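Engineer: Following this message is one structure expressed as structure tokens.
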Amino acid sequence: LFKGKILGYQLTHYLKMCITYGLTDLKYIGTLAEDYKTICKNPEYIAVIDKAYNKAVELEAGHPAPDFTLTDMKGKTVSLSSFKGKVVYIDFWATWCGPCLAEMPGSHELMKKFKNNKNVVFLYVNVRDDKDNWAQYVTKHKMKGITLYANAEQSAELYKMYNFSGIPHYVLVDKNGNLISANAERPGSAEQDILSALR
């Protein structure tokens, strides 16, 4: 039933999900990929795994954080690269995302802990959302930090650049513009990582 049919697909799907959203140890991922290739011989499936692995390598700690340019509430364009010299905590979120909104109080508490430190930037990137809903939420809740909006096309690009499929999603970038983590801790657990980055 499975040989040459469903098994190859299932293994490919499972390993791709592990590489993309779960595993962070690249050496271990490489070992799994080699084992996978002894079982699955479908070149199209192997190409899927190779692509996922190569993307994971690009987003490994120490590699440059993929740059992007978006607009803020005043229509001003802001680039991630403009914050070089500072530690940047990025929060990808949307007004329709319940878990995102549930994390917001914790995110704002985290921001308060660093309010007197000019070397830390909190970047709130709104994705896959209605622009008016975003603007209303930011205004109503008097959001602090730097709030940016990504339209549908920009959102799709960000999802690819940072290799995530769900939100909230967090990224931590060091003072040199390099990734500390492309899958950073949630606000309630991120304080120590930010402190380490500052040191």
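The values are calculated or read from the model by the stated rules, or taken from the named source; none is laboratory data. Just so it is clear, the structure is predicted and the values come from calculations on it, not from any experiment. Here Cβ is always computed from backbone atoms with ideal geometry, including for glycine, and neighbour counts include all displayed protein chains. Remember, those area values only see protein heavy atoms, side chains included, never the ligands or the DNA or RNA. Shrake-Rupley method; radii C 1.70, N 1.55, O 1.52, S 1.80 Å.
Engineer: Could you please find all residues in the stretch 82-103 being surrounded by 14 or more Cβ atoms within 10 Å (Cβ to Cβ) and under 16 Å from the mean Cα position of the chain (by Cα)?
Structural biologist: If the condition is that a residue be surrounded by 14 or more Cβ atoms within 10 Å (Cβ to Cβ) and under 16 Å from the mean Cα position of the chain (by Cα), then Val87, Val88, Tyr89, Ile90, Asp91, Phe92, Trp93, Ala94, Cys97, Cys100, Glu103 are the ones that fit.
Engineer: Out of (1) closer than 30 Å to Ser196 by Cα; (2) without any contact (Cβ under 8 Å) to a residue 24 or more places away in the chain, the odd one out for His13 is which?
Structural biologist: Against the list (1) closer than 30 Å to Ser196 by Cα; (2) without any contact (Cβ under 8 Å) to a residue 24 or more places away in the chain, His13 comes up short only on (1).
Engineer: Filter the stretch 12-55 for residues that are surrounded by fewer than 12 Cβ atoms within 10 Å (Cβ to Cβ), modelled with pLDDT of 90 or more and of a type in the set (A, V, I, L, M) and give the result.
Structural biologist: Ala47
Engineer: I've got another one for you. Going by the structure shown, is Asn119 of a type in the set (S, T, N, Q), open to solvent by 20 Å² or more (accessible area, probe 1.4 Å) and at pLDDT 95 or above?
Structural biologist: In short, yes.
Engineer: Here's a follow-up. State yes or no: is Phe114 modelled with pLDDT under 95 and over 16 Å from Lys84 (Cα atoms)?
Structural biologist: Here the answer is no, as Phe114 does not meet what is asked.
Engineer: Does Leu59 satisfy the criteria of being within 19 Å of Leu158 (Cα to Cα) and either surrounded by 19 or more Cβ atoms within 10 Å (Cβ to Cβ) or among the acidic types (Asp, Glu) (or both)?
Structural biologist: Here the answer is yes, as Leu59 does meet what is asked.
Engineer: Anything in the stretch 50-66 that is free of Cβ contacts under 8 Å to residues at least 60 places away in the same chain and either charged (D, E, K, R) or touching a Phe, Trp or Tyr at 6+ places or on another chain (Cβ under 6 Å) (or both)? List them, or say none.
Structural biologist: The answer is Asp50, Lys51, Glu58.
Engineer: Quickly run through the stretch 71-87 and pick out the residues that are closer than 29 Å to Leu26 by Cβ, touching a residue at least 60 places away in the same chain (Cβ under 8 Å) and either hydroxyl-bearing (Ser, Thr, Tyr) or in contact with a helix residue (DSSP H, G or I) (Cβ under 7 Å, 6 or more places away or on another chain) (or both).
Structural biologist: Correct list: Ser81, Val87.
Engineer: With the structure loaded, tell me whether Tyr124 is at pLDDT 95 or above and either under 26 Å from Asp25 (Cα atoms) or hydroxyl-bearing (Ser, Thr, Tyr) (or both) or whether it fails that test.
Structural biologist: yes
Engineer: Just the residues that are crowded, with 17+ Cβ neighbours inside 10 Å, in a helix (DSSP H, G or I) and at pLDDT 95 or above, please, taken from the stretch 141-189.
Structural biologist: Gln154, Ser155, Leu158, Pro187
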